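Chemist: Before anything else, here's the structure in question.
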Amino acid sequence: MNKSLLTILQYLFFLGLGIFFVWLTVRDITPQQWQSIRFSIYNARKWLIVPAIIFLLLAHYSRALRWKILMEPLGYHPSTFNTWSAVMIGYMVNAGVPRLGEVVKCTLLSRYEKVRADKLVGTIVMERAVDLVCLIILFVIALIFQGNIIGGFIMDLFGSFFKDAYGHTSYLSITITVLAIILFFGLLYIFLKKFGHINVVAKIKNIIRGIINGLTSIRFIKQKGWFLFHTIFIWCLYLLSTTMGIYALHETEFLGFSGGLTTLAVGSVGMVITPGGIGVYPFLVEKLMLLYNIPKETGAALGWLLWSVQTLIVLAGGLVFSGLFSYYNKNKKSADGQ
């Protein structure tokens, strides 16, 4: 299949998925609930959006600095402004076409800096691998601190499978589950090894290999301490910005940082599933809020508020940095020519 056609079909699929989740979010909302949503947003502490925006911009700046650290072993030392601009423009492109933003930011940086776009692919893979680990750790922390909320929800879904007819823990079921997981990964390994010559299977192998290589290549980083600092700092800023949204609505302020933690964990999944998290992010936040006994309309208001602020930063920031990026490098080139 033509690569361009495949990209278009992937985009349409994920966009359609996002629209589907938008429909799921709004389909059962009554006129009275719409009124409640408007009331919640109208009476929100809108000034808290300002620190939320600042936290997100700082997170993107920190991500740019972390990316520079990853480039050091390759012998590349691009300017901080160009790196930050490439990150912001990449986010903007990703909001429309998933993964294309990664290609664009590498290409843009190579245009004005002495770096090769193809050499930067490894740094992107490493970033994504580290972010995946961070997301898993975030879920574990959320379970530790909010296990009574999301833990109970998970147990309601799966807990009955691990109990016998008398309601006691079924060690047989647990054993079968563990063996089934081991068997699954064993069969997956055999399948990938035997059918690795097929294009689809080869791509899956490359993704898995890329994640493993990305994590193991951390040992080549020169500034490991700063890399770790920026990684933690980025996710702390994400948590702060999400918590600001929690505090912005009077109906959800009682959730505090704990609520911000679970919202960030659940919402991050939505940002991965569809372009920019459209539809899925608000939907998941709404369902999460129901676990806190918060009405559907309030959860929807919070989900769309948080998603709108993040999307605003990505789109507006990307547009602004697109102009500044071109202007900065044009002047820089003129100055170097003199």
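Chemist: Could you count how many residues in the stretch 127-146 are among the hydrophobic types (A, V, I, L, M, F, W, C) and touching a residue at least 60 places away in the same chain (Cβ under 8 Å)?
Modeler: 11
Chemist: Looking at Met155, Met126, which one is within 30 Å of Leu261 (Cβ to Cβ) and either aromatic (Phe, Trp, Tyr) or at pLDDT below 80 (or both)?
Modeler: Just one listed residue meets the conditions, Met155.
Chemist: Taking only pairs six or more apart or across chains, which ones have beta-carbon atoms under 6 Å, a first residue in the stretch 73-86 that is surrounded by 19 or more Cβ atoms within 10 Å (Cβ to Cβ) and modelled with pLDDT of 80 or more, and a second residue that is part of a loop (DSSP other than H, G, I, E, B) and not aliphatic (A, V, I, L, M)?
Modeler: Final answer for the pair search is Pro78/Glu113; Asn82/Glu113.
The values are calculated or read from the model by the stated rules, or taken from the named source; none is laboratory data. This one's a predicted model, so the numbers in the text were calculated from it and none came from an experiment. Every residue, glycine among them, receives a Cβ derived from its backbone with ideal geometry; neighbour counts consider all protein chains shown.
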